[in-house]
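Written out below as structure tokens is the structure these notes cover.
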Ligand code: AMP
């Protein structure tokens, strides 16, 4: 029931006193976006004034925006490599931040094939927790009664390593789930998960998923929302259920846990809650044994009000599949975040995926916006770009996000392109347009054109002894299967028809491509099973000429035509698929270990 609070909010009547405070915070912060940004920049520059980085650029203690903007360069990760390298190797001096670097967060964005290392400081966990604490108060405005049930969220930790200097390096969510902020969070009726910490923190991904699914099935009547971080993760859970429902229902029927679950604390927890329940087992079996899995989420978890998953950006490709398995349940995208910084939240989370806008919270970092010219690469050296402040962006325009964080990133280009859709008070709201330079993505992997080109070059070396070369290629992220996989279309030119490459050779080409791709891709293939084996589809000679003819018939200029290195337009894919002469899949997993290549 809504409360009558002195902290009333134009967002709507809060569901409880705690929500009232959170909504009030959102209103206050977004109403004074510019002064909050001023305060944030002053705090960052004051506390870090003696750092090597700020000293190098002769800021001399200045904290005003003008001096900051005139003296500090706009940078990318590559520019910071030397500093990151020193920190990773154990230099504990105040290089970027006056606060000690507590660990590195490993981004899914890569540099030279390895995850980028983002330095972070302890107090960033408080900022992350703060943003998380705003999500349910906003959701409660739209979906009443969530305190009467639970969330079935599939959450996982991933492997971590240490840098040569001894700092932990791990993904931001792994860091968060392993922190006391998460592990010892106080009871909150609006935020109760079916998955226990023992399952979420279990490092073995099979055991973790199995236990989370089992807990979700055991508590199916209480589940009011089902989610994962990204859409691909939720679909992986559905696939897991397809593969394991027989064993899961047997466990429920007999009350005896699958012996494959060997993690001691997980077993202890499950032994406490698992009791024979033949009726529930029969009910789940009845649904899962049907050939048709359409609407399976709503059929098993009948009280589900919405799916909580990111379906914006690269994840939009999963919307039709999620709609299929959920029977069209609403999809809620609640927040926009990265390893570098958590940015903001969706104040209208039950809107359609195409309408999602994220409101950047001005307290999280200092934000600037680089106007984005869709077809320009970088910017000319003689005309430094004019960056726009948070409150000055213009509706309808696209910008690249540039951040200055408490942890010591200064004017750092995140690589995300955002379009302004409107304002909440004086804080702008953004549609996530895309991440720059991403050609292919299935899960959190991001493969760019140069990486694909290199992979094709490496693989095509195997064709030399057959006097065969790859004359043209393009690619496509096939998400019709779970997990999805990369498809690479090759047109080959063979000079010796009596000695053309065999299926076995082309399979090895698939593997060679996978070996060349970045470590996030290979981790998805090997450790997370979130990406299926890469496929090469060999097309008939002349297919790429037909592709060009098609593009020209639709208005492309013959002089400027370039083969698209990734396709997703249905008629083009139909054309390609109708010319396929053979198809080959990678026969093995590529090499991957948590250790970074030095
Ligand atoms: P990572 O550094 O691996 O944490 O990845 C962060 C990146 O994921 C962001 O910079 C975005 O490109 C993408 N991302 C995060 N949240 C969203 C979202 N809600 N919608 C679309 N893309 C997102």
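Some observations on this one:
- With the Kirkwood sum run over all distinct C-alpha pairs, the chain has a hydrodynamic radius of 26.1 Å.
- Relative contact order, whole percent, for the chain stands at 13, derived from Cα pairs under 8 Å and 6 or more residues apart.
- DSSP bridge orientation in the chain - percent antiparallel, rounded to nearest 5: 70 percent
- At q = 0.13 Å⁻¹, base-10 log of I(q)/I(0) for the stretch 439-585 (Debye sum, equal scatterers on each alpha carbon): -0.57
- The separation of the stretch 291-344 from the stretch 101-122, counted between C-alpha centres, amounts to 27 Å.
- Here the stretch 147-304 is treated as a Stokes sphere of Kirkwood radius computed over C-alpha pairs; at 25 °C and 0.890 mPa s its diffusion coefficient rounds to 149 µm²/s.
- This ranking places 188, 323 by how few other beta-carbon atoms lie within 10 Å of each, fewest first, which gives 188, 323.
- Considering only beta bridges that DSSP places wholly inside the stretch 146-279, some 25 percent are antiparallel.
- Within the chain, helix-based [θ] at 222 nm, where runs of 4 or more DSSP H residues each add -39,500 (n - 2.57), nearest 500: -10500 deg cm²/dmol
- As a rough footprinting exposure proxy, the listed residues 70, 557 were ranked by other beta carbons within 10 Å of their own, and the order from fewest upward is 557, 70.
- Proxy reagent accessibility, fewest Cβ within 10 Å first, across 299, 596: 596, 299
- Förster radius 51 Å - calculated FRET efficiency between residue 60 and residue 242, Cβ distance, rounded to 0.05: 0.25
None of the figures in this text is laboratory data; all of them are computed from the coordinates on show. Please read these numbers as outputs of a predicted model, since none were measured by experiment. Using ideal geometry, Cβ is built from the backbone for each residue, glycine included, and neighbour counts are taken over all protein chains shown.
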